[in-house]
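Beneath this line is the structure, given in structure tokens, with notes to follow.
The values are calculated or read from the model by the stated rules, or taken from the named source; none is laboratory data. None of the values given here were measured: they were computed from a predicted structure. Here the Cβ is made from the backbone with ideal geometry for all residues, glycine too, and neighbour counts use every protein chain on show.
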Amino acid sequence: MARRLLLGLVVCAPLAAAPAANAAYDPHFALELSDTRPASAPAITSTLTQRSGESANRRIAVRFPPQFGFNPAFSVTGCTAAEERASACPESSRLGSERVESMLGSFSGPVYLSEDFRLLVYLRGLAGAVQQKYEGKLYLHPDGGVEIVFDNLPNVSATLAEIATGGGSRGLVLTPLDCGRYSVTGTFTSHSGETVERVLPIAIRGCGEAPLITRPRARPRRFRRRTLLSWRLSEAGRRTTVSVQRLRDGEWRELRRLRGPARAGANRLRVSGRRLHPGRYRFVLRAEGPGAFVSRARVVRVRRLR
């Protein structure tokens, strides 16, 4: 279920009434990540711009490739149905904010996560005289990619709409474990039936500046009291971080992070099973080099016995 949370990163529909459409439908979509290193949980800002007179958006969909994952450290709690009905979602359920520029002025408001994993966007403007709520739905595709969709939007338009979500524990998205170029696809459909697709390249960088992790292993892999985690580094680094994750409801969820050595050559770290319940676990290792560059992640799977 948690994978469905991925990506609250779509620009909402415009708010203000627009003049009759007289410009070709040509929405422009941009996406900015605050951190493009592997396995980071960045703040994300997405922006949709259109010229005055373009048809309004009826449907907006943004799809992330399967290499992007759910942030295991995500800690935002869902807004309850009662809080949603009262338009009183708490700060603990807030993901970020949105702003819209239209012919009637500027509109802005918060973005929340609901208990049933919808995105709730509340826009307010004209000194609070105008209020509008939008909802987004999240879909998990068979290949592991995640898509968020705003559909059946009202026939109104704006020249700019921007939504920004937080990073860290408020970030839904974890960047790919490996460096490289990935594509995020936005598909936009107007009320006139036109469809435009935008493919945005996202470059994940920083792997080449960090030590290379080889021969990661845990002994024993089936343990009760403790296990010894070992690995080798191609060169000395600043530290090795070890994310301890448990498999629950089909998703890997982070329980804690450990700090290990980063010596050139052999490294070891004892992991206690005292606070771990029986189940399936994995250790995700990343070495940090100069300038906080992070190595390609390596994974060791283990099982805590009763």
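When each of 157, 169 is tested for being outside any strand (DSSP E or B) and within 24 Å of the chain's Cα centre (by Cα), the lone residue that passes is 169.
When residues in the range 94-123 are screened for being surrounded by 16 or more Cβ atoms within 10 Å (Cβ to Cβ), out of contact with any helix residue (DSSP H, G or I) (no Cβ under 8 Å at 6 or more places or on another chain) and not aliphatic (A, V, I, L, M), 10 of them pass.
Among residues of the range 94-117 that are free of Cβ contacts under 8 Å to residues at least 24 places away in the same chain, those with a beta-carbon under 8 Å from a residue that is surrounded by 21 or more Cβ atoms within 10 Å (Cβ to Cβ) and acidic (Asp, Glu) at least six positions away or on a different chain give the pairs 108/98; 109/98; 110/98. The strands (runs of 3 or more DSSP E) located wholly in the range 44-148 that include 2 or more residues which are closer than 15 Å to residue 164 by Cβ and modelled with pLDDT of 90 or more occupy 44-49, 94-102, 105-113, 119-125.
Taking the criterion of being in contact with a Pro (Cβ under 6 Å, 6 or more places away or on another chain) and hydrophobic (A, V, I, L, M, F, W, C), would at least one residue in the range 212-231 satisfy it? Within the range 212-231, one or more residues are in contact with a Pro (Cβ under 6 Å, 6 or more places away or on another chain) and hydrophobic (A, V, I, L, M, F, W, C). Checked against the criterion of being without any contact (Cβ under 8 Å) to a residue 24 or more places away in the chain and surrounded by fewer than 20 Cβ atoms within 10 Å (Cβ to Cβ), the range 25-42 contains one or more residues that satisfy it. Restricting attention to the range 179-201, the residues being surrounded by 16 or more Cβ atoms within 10 Å (Cβ to Cβ) and either part of a loop (DSSP other than H, G, I, E, B) or in the same structural domain as residue 299 (by TED's automatic domain parsing) (or both) number 3. Among the residues of the range 254-272, which ones are touching a Leu at 6+ places or on another chain (Cβ under 9 Å), more than 15 Å from residue 304 (Cα to Cα) and either surrounded by fewer than 14 Cβ atoms within 10 Å (Cβ to Cβ) or in contact (Cβ under 8 Å) with a residue 24 or more places away in the chain (or both)? Listed by number, the residues that qualify are 259, 260, 262, 263, 264, 265, 266, 267, 268, 269.
Residues in the range 155-178 that are crowded, with 17+ Cβ neighbours inside 10 Å and touching a Lys or Arg at 6+ places or on another chain (Cβ under 6 Å): 162 alone.
For residue 276, are the conditions met, namely being hydrophobic (A, V, I, L, M, F, W, C), outside any loop (DSSP other than H, G, I, E, B), in the same structural domain as residue 215 (by TED's automatic domain parsing) and under 21 Å from residue 247 (Cα atoms)? Taking the combined requirement at face value, the residue does not satisfy it.
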